[in-house]
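The values are calculated or read from the model by the stated rules, or taken from the named source; none is laboratory data. Everything quoted here is computed from the prediction, not taken from an experiment. Don't worry about glycine lacking a Cβ; one is built from the backbone with ideal geometry, like all the others, and counts go over all protein chains shown.
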Amino acid sequence: MGLVATQPGITLSKLLELQFKPDEIYRLIATKKLYVDLSAADLASEAKKVQLFLSVETAYSIPQPIKSENFGDTNNQILVKPTVGSQIIWDGIDWRVLNLGSTEVTLLNSPQNVINLSITVFEELISSEKITVISNKTQNQSQIYSEIIDASESDCAEANRRYRIVAPYLIGSSPRNKNVPRSSFYRWIQSWKEAEQTKGYGYLGLLPQNSKKGNRQSKLPTLTLKLMDEYIAQDYETYKQKGKRAVYGALVNACQQQNTTVPSYKTFLKFCNSRPDYEQTKKRQGSRAAYKYEPFY
């Protein structure tokens, strides 16, 4: 679920390529932990077209030009030509291209960590998909996704309602809803235009301001989410029945060692508790204990 949170709209085929178990994905869909528009594509035969989201509100909040079956496919990002200042990901670590010479590339990870690579080695790492070059467009998309994900389902539902009201005006038609106060209507229009200019996506301006009063989900790096998934699956969901505090402590050490953001304990608990009860209980306590959580299809 952490991967779907950071890459809303990721396809079923992409998750399967990443070795996620089909049964677990289908169980998350069946128990409504993940949302799929079943009318848009067939789960069994159109995996490349099936897109997954955390909720229906998130699905309908994602920018249409961005939401595509290729989002989250690193092959699309690798083809981006690096320039000075480009962000790259190498072995899960963020780097910045400090200099791009004719024979060498200088990469910056922190003020104390600067390395030089030959152009030949750098290009080989890119072509072998060991280095991913992130385009400015991709970074902007990530910001858009992050703000949408931070909003609650009710906030997204309210933004969708506001959009249906202002949409005719935005395309040059007369407003149709006469029940909305003029002050509210034109405030939403202004908010749309400001968000479009400053963030590249007007919809963000329609999200209620109360969604900004507290993050419901941290803007965590992909590596942090990956480590959280791994430690929950491999250290918590086992017959050893380790406590959450012990597993969280191990996760903190791993994040520090890999120089990535450490999630709060509250965020860790949220991710841990969001996983399927049946699978989690079965892995920790066995089939008999998990029986009461078994989903019915």
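Please count how many residues of the range 242-297 are over 13 Å from Met228 (Cβ atoms), surrounded by fewer than 18 Cβ atoms within 10 Å (Cβ to Cβ), of a type in the set (S, T, N, Q) and at pLDDT below 85.
2
On the basis of being at pLDDT below 75, surrounded by 13 or more Cβ atoms within 10 Å (Cβ to Cβ) and over 21 Å from Tyr35 (Cα atoms), does Pro208 make the cut?
So Pro208 does not fit the description; no.
With respect to Gly202, is the statement that it is at pLDDT 75 or above, more than 30 Å from Asp91 (Cβ to Cβ) and touching a Lys or Arg at 6+ places or on another chain (Cβ under 8 Å) true?
So Gly202 passes the test.
Which residue out of Arg176, Arg161 is of a type in the set (Lys, Arg) and modelled with pLDDT under 80?
Result: Arg176 is the single residue among Arg176, Arg161 that is of a type in the set (Lys, Arg) and modelled with pLDDT under 80.
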